[in-house]
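Worksheet for the structure shown next.
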Amino acid sequence: MSDAARKPPVASHSNFIRSHIEADLASGKYASRTWSGKPGAAKMHEGAPKDPAKVRTRFPPEPNGYLHIGHAKAICLNFGLALAYGGACHLRFDDTNPEKEEQEYVDSIIAAVRWLGFGWETGTGSHLYYASDYFDFMYHAAECLIEAGHAYVDSLSADQMRALRGTLTEPGKESPYRSRSAEENLKLFRQMRDGKYKEGEHVLRAKIDMASPNINLRDPAIYRIRKATHHRTGDKWCVYPMYTYAHPIEDALENITHSLCTLEFEDQRPFYDWLLEHLVRDGLIQRPPPQQIEFARLNLTYVVLSKRRLIQLVGEKHVSGWDDPRMPTLAGARRRGYTPEGFRLFAERIGISKANQMIDYSILEDCMREHLNEVAPRRMAVLDPVKLVIDNYPEGREERCEVPNHPQKPDWGKRSVPFSRELWIEREDYAETPPKGYFRLFPGNKVRLRYGYVVECVGYDSATDTVRCRYDPDTKSGTPGADKVKVKGNIHWVSARHACAAEVRLYDRLFRAAHPGADDRDFVLDLNPDSKKLITAQLEPALREAKAEERFQFERHGYFVADIRESGPDAPKFNRAVTLRDSWGK
């Protein structure tokens, strides 16, 4: 069964959002709302059955880039709460900006949410929506605001409006166009819609309070002229809604109960409430309207999550693309070998907070290790190979060693691994002059070849770059008397005759600084030059048949995945997901 096909567990930890939802359910706040089966205005839902979803949440990405690790937290939160309370979570594309949105991003977002293990289908149908489907309603609602005297067309330039906006300590000043009549505003707005003006000549603004201490209530712009082709509506529109105007309307039309946003939207909540209250009064949307609740976004060390910076990394080719395994995108994390379960564990572990905090990247890596340790079969791989020749082992002979697929899961069974006279071992497992406490191969020392025999090192041949040894034929693992020779060292190996030579990418953190670009430094200067190393490794032959996105623990080295994009039949390429232990905390 694929990761995406597994139903994600519902987290049980309490937090302030869950408490809020439980209080609303107990009071029956949204129990009277009806649902016609699809989003729509109040009239569409009149006479419809009661909404079968006790709560409705939504994940509303703008399709102007790939989802990143920070989005994983929001996805797990919104979909997880819907699962926990018998509700529905909508996947909504907030495609109100035609200049930056593309179908490629839509497709990548759908794939990422599915990969995390979440879906938007319920017993009442699919809840995949697009803000652009509501453009007609949004325009109609804007005309209603104009007719009621709550919106006006402003003909000031952007710089002029900015000059009149005021500061945190000084009130703003009213535009000279604020007193236009409803008839004049309506005429101008329709002419804007019909393409009779250039971009920037006019904007539609809400008429609220230019003296408000909250700058977001000082007559915010709600529509602007944009003569751009939209990826879904084409050239139908010359005016497009601002996000702060579109967002609450989208929530209301979709019967969202709890609109969960990150803290930067907290100052926008008064406008959210102002707009929905006016639309309720005009009978355009159902009562009670949705409520916005804010939580702290994910801030993570050693990564950048700014879309502008991610675009720069891709555009300047510091990485190979949006799905480069070093990128903090979900597409990159998937190629890296990270798992949906690891992300869900991470989201649960860091919890939900009202205060911004910096999460150390090692917590995410630990969550991945924890899950991969449970699900990844073990395999032997030599990443820095040197030849080991067993001088007294018969030439041409080969035998099989029985090796467990997972030492803690005997029900996973064993596999048969070939053993021969010439083996590959790690170069670090031999030392001519060993340091104190070194228990691996050096002249005169004995070690056990994992799952095989005890061998004694007799030296190193520099001419052929081979380590020489002799084996004790009575010490094969799993046979009577195998442990009669006691050794302190135990090393892994791969039969040279049977080995699969494969490209392995040793990925590490993309940035070497915990806070890339801190103190106004160019964040590119903090890139880690050792974030990717390409090697040719010698792998046990079973790995030749590894399927794309199949994950393994390479014993002693870490967790690896067969690259989902570049692995071919009988020619897998492996990416290191995470090492066995945190090496950055030292």
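Scanning segment 549-580 for residues that are without any contact (Cβ under 8 Å) to a residue 40 or more places away in the chain and open to solvent by 40 Å² or more (accessible area, probe 1.4 Å) returns Glu550, Glu566, Pro569, Asp570.
Got a sec? Which helices (runs of 4 or more DSSP H) wholly within segment 39-135 have at least 3 residues that are touching a helix residue (DSSP H, G or I) at 6+ places or on another chain (Cβ under 7 Å) and buried (at least 17 other Cβ atoms within 10 Å of the Cβ)? Give the derivation first.
Working: elements: 42-45, 69-84, 103-115.
Per the criteria, 69-84, 103-115.
Residue by residue, here is whether (1) open to solvent by less than 30 Å² (accessible area, probe 1.4 Å); (2) outside any strand (DSSP E or B); (3) of a type in the set (Val, Ile, Thr) holds:
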site: Val389; (1), (2), (3): yes, no, yes
site: Cys401; (1), (2), (3): yes, no, no
site: Ser416; (1), (2), (3): no, no, no
site: Phe419; (1), (2), (3): yes, no, no
site: Val455; (1), (2), (3): yes, no, yes
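Residues in segment 265-285 that are open to solvent by less than 30 Å² (accessible area, probe 1.4 Å) and of a type outside the set (A, V, I, L, M, F, W, C): Tyr272, His278.
None of Ile359, Ile352 is open to solvent by 30 Å² or more (accessible area, probe 1.4 Å) and in contact with a helix residue (DSSP H, G or I) (Cβ under 7 Å, 6 or more places away or on another chain) except Ile352. Would you confirm whether or not segment 301-323 contains a residue that is modelled with pLDDT under 95, open to solvent by 30 Å² or more (accessible area, probe 1.4 Å) and closer than 30 Å to Ile21 by Cα? No, every residue in segment 301-323 fails to be modelled with pLDDT under 95, open to solvent by 30 Å² or more (accessible area, probe 1.4 Å) and closer than 30 Å to Ile21 by Cα.
The residue pairs whose first member lies in segment 20-47 and is farther than 26 Å from Ala142 by Cβ, whose second member is assigned to a helix (DSSP H, G or I) and not aliphatic (A, V, I, L, M), and whose beta carbons are closer than 9 Å, counting only pairs six or more residues apart or on different chains, are Tyr30/Asp24.
Looking only at residues in segment 297-332 that are polar (S, T, N, Q) and either touching a strand residue (DSSP E or B) at 6+ places or on another chain (Cβ under 8 Å) or in contact (Cβ under 8 Å) with a residue 24 or more places away in the chain (or both), which one is nearest to Ser108 (Cα to Cα)? Before you say what the answer is, go through the steps one by one.
Restricting attention to segment 297-332, the residues satisfying the condition of being polar (S, T, N, Q) are 299, 301, 306, 312, 320, 329.
Then drop every residue that is not either touching a strand residue (DSSP E or B) at 6+ places or on another chain (Cβ under 8 Å) or in contact (Cβ under 8 Å) with a residue 24 or more places away in the chain (or both), which leaves 299, 301, 312, 329.
On the way: Asn299: 23, Thr301: 25, Gln312: 19, Thr329: 10 Å.
Only one residue fits best here, namely Thr329.
Of everything listed in (1) touching a strand residue (DSSP E or B) at 6+ places or on another chain (Cβ under 9 Å); (2) surrounded by 14 or more Cβ atoms within 10 Å (Cβ to Cβ); (3) modelled with pLDDT of 95 or more; (4) closer than 30 Å to Glu264 by Cβ, the single unmet condition for Ala228 is (3).
The values are calculated or read from the model by the stated rules, or taken from the named source; none is laboratory data. The shown structure was predicted, so the numbers you read here are calculated from the model rather than taken from an experiment. All Cβ positions, glycine included, derive from the backbone under ideal geometry; neighbour counts span all protein chains shown. Please note that ligands, DNA and RNA were not included when accessible areas were found on the heavy atoms of the full protein model with its side chains. Shrake-Rupley method; radii C 1.70, N 1.55, O 1.52, S 1.80 Å.
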